[in-house]
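**Student:** Structure in structure tokens, see below.
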Amino acid sequence: MKPPRDAQARQAVEPVVVYPDDALQPADLAALAAVRPGARLVASQPVPPREARCFRVAAGQFFRISCPEGAQVGDLNLWRADDLAEHFYSGKTRALHGTHLGRGARMWSNFPFLRPMATIVEDTLDWYGADRFGCRVHDVIGTRCDPYTNQLLTGGQYHHCCHSNLTRALAGETGLPLPEAEAHVHDVLNVFMCTGFSRDTGQYIMKASPVRAGDYLEFFAEIDLIGALSACPGGDCASEHSSDAATCHPLNVDIFAPAVPPADWTPPAPNAYDRTHGR
Ligand SMILES: [Zn+2]
């Protein structure tokens with residue numbers, strides 16, 4: 001279309017942050033850090049390559065996703081332990097915290113709950129920042145690799161996409177039939193994945209993850225959780241996923257229980273909106 005006469009003036013309007021940082025009550029990271037040294041390891045859940053596994057974390061415990069052997073990306077889902085209807089909401093989390101999550105960011109739940117499910121307390125990759133391509137680590141912009149998009153784009157059947165891995169894991173954990181479990185699988189936090197948007201076309205881009213053996217991302221569970229973590233068939237996501245082509249490694253989840261709860265911490269209540277919607 002032919003640009004209007006004031007096109008440049010319209011494009012020159014300065015943007016503002018939609019949800020400014022100071023609008024959110026920040027996590028009390030010092031209170032969480034104070035109880036972490038006294039926490040003991042209570043459970044570990046290894047995640048084999050191209051598979052997913054579930055784990056349970058009680059409110060007030062910490063869970064650490066680590067990369068024990070080689071560069072590997074993980075796709076994380078979270079549900080409220082006693083009601084799968086409450087789950088991680090990547091879109092609103094992205095709107096509140098940005099495209100990639102780091103220390104202090106919360107993983108928020110869907111409507112009508114909209115409360116912190118988990119808080120990120122440690123990230124050994126926080127040195128990465130943004131590279132010259134605008135890529136960062138731990139995104140909430142991708143959805144998860146899935147067999148439907150793979151079918152759409154390649155015509156092939158592949159069963160170890162993160163979507164299918166998470167579906168099998170949740171079905172195994174809960175006893176739900178596969179189709180019911182699948183309906184609970186949602187958009188993920190891409191743990192250790194290095195991604196961004198191309199500046200020219202705005203397309204979703206990825207590159208080899210900077211994660212190495214020994215790196216981890218650690219969370220504080222704000223409510224009782226079931227988590228599911230898939231070791232993505234893309235491995236370090238340098239080239240492709242939805243196939244057995246990439247070199248893949250295991251991931252690990254460790255659960256730590258502090259001796260005492262953090263000072264002044266209580267599990268957050270569901271959102272207080274009255275849900276009358278103006279009627
Ligand atoms: Zn994947």
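Table: residues versus (1) buried (at least 20 other Cβ atoms within 10 Å of the Cβ); (2) under 24 Å from V185 (Cβ atoms); (3) modelled with pLDDT of 95 or more.
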| position | (1), (2), (3) |
| --- | --- |
| R56 | no, yes, yes |
| N77 | yes, yes, yes |
| T93 | yes, yes, yes |
| M107 | yes, yes, yes |
| F133 | no, no, yes |
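**Student:** Sort out which residues of region 241-251 are closer than 22 Å to V121 by Cα and away from the ligand (no atom under 13 Å from the Cβ), and write them in order of number. Reasoning before the result, please.
**Tutor:** Quick first cut of region 241-251, residues closer than 22 Å to V121 by Cα only: 251.
Within region 241-251, no residue meets the criteria.
**Student:** For the list (1) among the acidic types (D, E); (2) in a loop (DSSP other than H, G, I, E, B); (3) closer than 30 Å to L114 by Cβ; (4) more than 13 Å from the ligand (Cβ to nearest atom), I need the number of the one condition that D254 fails.
**Tutor:** Of (1) among the acidic types (D, E); (2) in a loop (DSSP other than H, G, I, E, B); (3) closer than 30 Å to L114 by Cβ; (4) more than 13 Å from the ligand (Cβ to nearest atom), only one is false for D254: (2).
**Student:** Looking at G155, G214, which one is more than 11 Å from the ligand (Cβ to nearest atom), over 27 Å from R80 (Cβ atoms), in contact (Cβ under 8 Å) with a residue 12 or more places away in the chain and surrounded by fewer than 19 Cβ atoms within 10 Å (Cβ to Cβ)?
**Tutor:** Result of the check over G155, G214: G214.
**Student:** Here is a follow-up. Here are the criteria: (1) surrounded by fewer than 15 Cβ atoms within 10 Å (Cβ to Cβ); (2) of a type outside the set (D, E, K, R); (3) closer than 25 Å to E240 by Cα. Tell me which single one Q72 does not satisfy.
**Tutor:** (1)
**Student:** Further question: With respect to Q8, determine if the residue is over 20 Å from L125 (Cα atoms) and free of Cβ contacts under 8 Å to residues at least 12 places away in the same chain.
**Tutor:** yes
**Student:** Based on this model, can you work out whether D274 counts as at pLDDT below 95, out of contact with any Leu (no Cβ under 7 Å at 6 or more places or on another chain) and loosely packed, with under 13 Cβ neighbours inside 10 Å?
**Tutor:** Considered against the rule, which asks whether it is at pLDDT below 95, out of contact with any Leu (no Cβ under 7 Å at 6 or more places or on another chain) and loosely packed, with under 13 Cβ neighbours inside 10 Å, D274 comes out as no.
**Student:** S239: farther than 22 Å from Q61 by Cβ and not basic (K, R), yes or no? First the steps, then the outcome.
**Tutor:** Details: farther than 22 Å from Q61 by Cβ: yes; not basic (K, R): yes.
Yes.
**Student:** Would you point out the residue of region 79-91, among those that are closer than 24 Å to L176 by Cα and of a type in the set (G, A, S), that is surrounded by the fewest Cβ atoms within 10 Å (Cβ to Cβ)?
**Tutor:** Ranking the candidates gives A85 first.
**Student:** Please go through region 71-84 and pick out each residue that is more than 16 Å from the ligand (Cβ to nearest atom) and in contact (Cβ under 8 Å) with a residue 12 or more places away in the chain.
**Tutor:** Once the filter is applied, which keeps residues that are more than 16 Å from the ligand (Cβ to nearest atom) and in contact (Cβ under 8 Å) with a residue 12 or more places away in the chain, region 71-84 yields L78, W79, R80, A81, D82, L84.
**Student:** Go through (1) in contact with a Lys or Arg (Cβ under 6 Å, 6 or more places away or on another chain); (2) more than 20 Å from S209 (Cβ to Cβ); (3) surrounded by fewer than 23 Cβ atoms within 10 Å (Cβ to Cβ) one by one and return the number of the condition D123 breaks.
**Tutor:** All conditions pass for D123, except number (2).
**Student:** Could you count how many residues in region 128-145 are within 16 Å of the ligand (Cβ to nearest atom) and either of a type in the set (S, T, N, Q) or in contact (Cβ under 8 Å) with a residue 60 or more places away in the chain (or both)?
**Tutor:** First pass over region 128-145, keeping only residues within 16 Å of the ligand (Cβ to nearest atom): 137-145.
Of the ones still in play, those that are also either of a type in the set (S, T, N, Q) or in contact (Cβ under 8 Å) with a residue 60 or more places away in the chain (or both) are 137-138, 141-145.
The number of residues fulfilling the criteria is 7.
**Student:** Can you tell me which residue within region 225-240, out of those that are surrounded by fewer than 24 Cβ atoms within 10 Å (Cβ to Cβ) and either without any contact (Cβ under 8 Å) to a residue 60 or more places away in the chain or within 13 Å of the ligand (Cβ to nearest atom) (or both), is nearest to the chain's Cα centre (by Cα)?
**Tutor:** G235
**Student:** Restricting attention to region 164-175, report how many residues are within 11 Å of the ligand (Cβ to nearest atom), touching a residue at least 24 places away in the same chain (Cβ under 8 Å) and touching a helix residue (DSSP H, G or I) at 6+ places or on another chain (Cβ under 9 Å). Working first, answer last.
**Tutor:** Just the residues of region 164-175 that are within 11 Å of the ligand (Cβ to nearest atom), to begin with: 164-166.
Now drop any that are not touching a residue at least 24 places away in the same chain (Cβ under 8 Å), which leaves 165-166.
Still in the list and also touching a helix residue (DSSP H, G or I) at 6+ places or on another chain (Cβ under 9 Å): 166.
Residues that pass the stated criteria total 1.
**Student:** All but one of (1) within 24 Å of P210 (Cβ to Cβ); (2) surrounded by fewer than 23 Cβ atoms within 10 Å (Cβ to Cβ) hold for L114, so report the exception by its number.
**Tutor:** (1)
The values are calculated or read from the model by the stated rules, or taken from the named source; none is laboratory data. Please read these numbers as outputs of a predicted model, since none were measured by experiment. FYI the Cβ positions are ideal-geometry reconstructions off the backbone, even for glycines, and counts take in every protein chain you see.
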